[in-house]
Amino acid sequence: MDLSQDEVRRIAVNAQGFDRPRPARPNLGHLRRVLARVGAFQIDAVNVLARAHYLAGFSRLGPYPVDSLDRLTFREGGAYEYWGHAASIVDMSLYPALRWRMTRQERHAQWTRFLSRVQTERAGYAEAVYADVAERGPLTFSQLLDPARRPKDNSRYAAATILWDRGSDGKTMLEYLYAAGKLAIAGRSGFNPLYDLAERVIPPEILAAPATSTADGQRELVRRATAAMGVATVKEVADYFRMSVADTKARLRELVEGAELSECQPEGWTSVAYLHPSASAKPVRAAAVISPFDSLLWERARVQQIFGFRHSFEIYVPEAKREFGYFVLPFLLGDRLQGRVDLKADRKTRCLLVRGSFAEPGTDSIELALALAGELRSLATWLDLDDVTVSSRGNLATALRSALRG
């Protein structure tokens, strides 16, 4: 099957949950369905606007109750934190499909070297940390009875070995036990994870489910990744849940042979792509600011290929060298990424600051500004801010100011 560029773009946007009007009063059920649709919300510490995992729901639902995601994750058992694409809030139904990753992490050479070194220096420390959490959890690493802080000068360990070049063996031990599935994150204190025994966080029926083989778990991740992208190459499917290309290729071949997926050739693509049966190329009427960590944007080469949009992430670029800004959100209008805005929530003045606003070449600036103004007003309300102010930076600034005054 051949797909046109327009069809591919609409499929990609629809598959990411932008295929229906926003609900008038979004609730926990709507958020649960969005997470099930995309599989995972990436977590990031940057809080200049709102943390990335909260923004994913807003982009698709509008101003949903902001505490719903914490409720879903830490009280309702509908989601959990783990390594999905990166550090992520993952749909709970994917827990069995990721258990092979926990087993693999437990045996990973990087972790076994860390455990060997700690056992030599502090015999029994791994068991002591687990017992401390079992007795007093949930705990942050600083609340451990013995956080095993290390001297700042760790030069006797290779700087490239990140698990050894750390300020606290207790923190790293908690991260190991979490990666191996023995602990889970039960909440957060500020942004610091609170670790507890997995059996006190993950619903018992999920933990009691029969073990899933590595191949079966990977197949389910590939199913969910292709459903969430609609159409994708091997590399793009592998990136979605950070699987190896070799494993992904093997699972895709099996799913094609089982008639669960089909191969296709999108217009202009040099690689064969895989099409999910749920893929829809119906017209899209979305209008949404998109977090730079959103699953729609995870694979930058894919974004360039499908949308003709260069997704630029400049947080780590020196300010003088930034083209667009510090925390820049692309703006999706219809099925195209038509602009971008550098945003900051100034909580002291209760104002949403638009520090830069930019239209992509060939867009209708008036139409774009009107749609973006409505989205920014909604975003400000959701963040409990009173006003939106627009700086003069960017080729959309004049039109956006005018639209906000209207």
- line: Among His85, Ser68, Ala109, the residue whose Cα sits farthest towards the positive end of the charge dipole of segment 40-110, when +1 is placed on the Cβ of each Lys and Arg and -1 on the Cβ of each Asp and Glu, is Ala109
- line: Taking a crude spin-label model, label points 7 Å out from Cα along the C-beta direction, the Asn47 to Ser402 distance in nm is 3.9 nm
message: Students often forget the sequence filter, so: which lysines lie under 24 Å Cα-Cα from Lys171 once same-chain residues fewer than 8 apart are removed?
response: Lys152, Lys182
- prompt: Hey, got the Cα dimensions of the chain along the principal axes, in Å, largest first?
  reply: 67, 57, 42
field: Over the chain, relative contact order from alpha-carbon pairs under 8 Å, at least 6 apart, %
entry: 18 percent
message: Only sites in a loop by DSSP and with at most 14 other Cβ atoms within 10 Å count here; which trypsin sites (Lys or Arg not before Pro) in segment 330-374 make the cut?
response: Arg347, Lys348, Arg350
Accessible-area composition of segment 1-131, carbon plus sulfur, in percent [1.4 Å probe]: 49 percent
message: Using the Cα centre of segment 253-391 as the reference point, and only Cβ charges (+1 on K/R, -1 on D/E), how large is the resulting charge dipole? Debye, rounded to the nearest 20.
response: 440 debye
task: Taking only protein heavy atoms into account and a 1.4 Å probe, give the accessible area per residue of the chain in Å².
output: 45 Å²
message: Less than 20 Å apart at the alpha-carbon level, and either on another chain or at least 8 residues along: which lysines does that give for Lys344?
response: Lys321
query: Of all the accessible heavy-atom surface of segment 311-394, with the other protein chains kept in place and a 1.4 Å probe, what percent is carbon and sulfur?
result: 50 percent
Segment 1-95: GluC sites (Glu not before Pro) falling in loop per DSSP and having at most 15 other Cβ within 10 Å: Glu76
- prompt: Mind listing which trypsin sites (Lys or Arg not before Pro) in segment 61-117 are in a DSSP loop and have 12 or fewer other Cβ atoms within 10 Å?
  reply: Arg75, Arg107
- prompt: If Lys and Arg each add +1 and Asp and Glu each add -1, what is the summed charge of the other residues whose beta carbon sits under 10 Å from the beta carbon of Gly356?
  reply: +2
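The values are calculated or read from the model by the stated rules, or taken from the named source; none is laboratory data. From a predicted model like this one, the values you see are computed outputs, not experimental measurements. Cβ atoms come from the backbone with ideal geometry, glycine included; neighbour counts cover every protein chain shown. Just the protein is used for accessible areas: all its heavy atoms, side chains included, with ligands, DNA and RNA removed. Shrake-Rupley method; radii C 1.70, N 1.55, O 1.52, S 1.80 Å.
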